[in-house]
Amino acid sequence: MALRIDHAVVSGTFSLDGETFDVDNNVWVLGDDSQCIVIDAPHSAEAIREVVGQRRVLAIVCTHAHDDHVRVAPELAAAVEAPIMLHPDDVELWRLTHPDVEPDLPLADGQVIDVSGHDVRVLHTPGHAPGAVCLYVPSLGVLFSGDTLFQGGPGATGRSFSSREVLEASIRAKLFALPEDTVVHTGHGDSTTIGAEAAALGR
């Protein structure tokens with residue numbers, strides 16, 4: 001069955017290293033009319049459930065564990081009876097927000113998640129966070145980049161758990177290897193393409 005991408009923007013805060021900022025996060029839901037995955041769980045479980053509708057949620061896939069991407073993950077998981085998936089390298093970061101709840105399933109580089117017969121490939125892209133991942137859907141020519149890559153360049157570094165050098169290496173090795181016309185749906189802000197960002201950053 002054909003996949004579709006549903007999208008909403010939700011607002012809240014991001015806190016790390018003793019500072020708090022107001023942020024708008026993209027919510028991406030990938031699936032068909034009967035089932036889907038939710039990519040990240042920021043700010044409002046109710047808003048995400050409105051995007052999901054009556055569909056079965058196969059998993060809540062976390063691109064990384066900053067609080068503005070996982071804050072309502074346990075609440076949403078309980079409401080829709082779906083597992084939370086997170087790369088193990090981000091569990092320490094996850095525990096800053098959810099010290100009493102563990103993610104249900106690990107993500108691994110090269111892992112394939114089946115959504116309605118379509119492959120969703122997990123790409124481990126550390127740098128913004130140690131366990132950051134991107135999700136590539138070859139059949140759609142789409143990448144969900146979380147906070148690894150934005151329109152205008154790499155995600156933020158300079159805070160705990162992050163490294164600009166590691167992030168740029170991840171982007172060049174994993175993301176710039178994808179077709180240039182791959183559409184990049186980001187964790188914040190507007191979408192872009194691999195080609196546009198490769199031209200700006202340099203391969």
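Points to keep in mind about this one:
- Other-chain or far-sequence residues with amide H under 5 Å of Thr13's (modelled H): Val23
- Accessible surface, the chain, averaged per residue in Å² (probe 1.4 Å): 42
- Amide H contacts under 5 Å for Phe150: Gly155, restricted to partners 5 or more places along the chain or on a different chain, H placed in the peptide plane at 1.01 Å from N.
- Qualifying GluC sites (Glu not before Pro) in segment 10-91, DSSP loop, other Cβ atoms within 10 Å at most 15: Glu81
- Pairwise centroid distance, computed over Cα atoms, of segment 142-162 with segment 48-74, Å: 19
- Charge dipole (Cα centre; +1 on Lys/Arg Cβ, -1 on Asp/Glu Cβ; no other charges) of the chain amounts to roughly 420 debye.
- Contour excess over end-to-end distance, with Cα ends at Asp32 and Ala47 and 0.36 nm allotted per residue: 3.5 nm
- When you restrict to C-alpha pairs under 8 Å that are six or more residues apart and normalise by the size of the chain, the relative contact order lands at 15 percent.
- 9 Å beta-carbon shell around Arg159, net charge (K/R +1, D/E -1): -2
- Gain on full stretching of the segment that runs from Asp181 to Asp109 - 0.36 nm per residue minus C-alpha separation: 23.7 nm
- Ser34 contributes about 70 Å² of solvent-accessible surface, heavy atoms of the protein only, 1.4 Å probe.
- Options (1) 11.1; (2) 16.3; (3) 9.9 - which one matches mean projected area of the Cα convex hull in nm² as calculated here: (3)
The values are calculated or read from the model by the stated rules, or taken from the named source; none is laboratory data. Because the structure is predicted, anything quoted here is derived from the model rather than measured. Methodologically, a virtual Cβ is constructed for each residue, glycine included, from the backbone with ideal geometry; neighbour enumeration extends over all protein chains shown. With ligands, DNA and RNA removed, areas are computed over all heavy atoms of the protein, side chains included. Shrake-Rupley method; radii C 1.70, N 1.55, O 1.52, S 1.80 Å.
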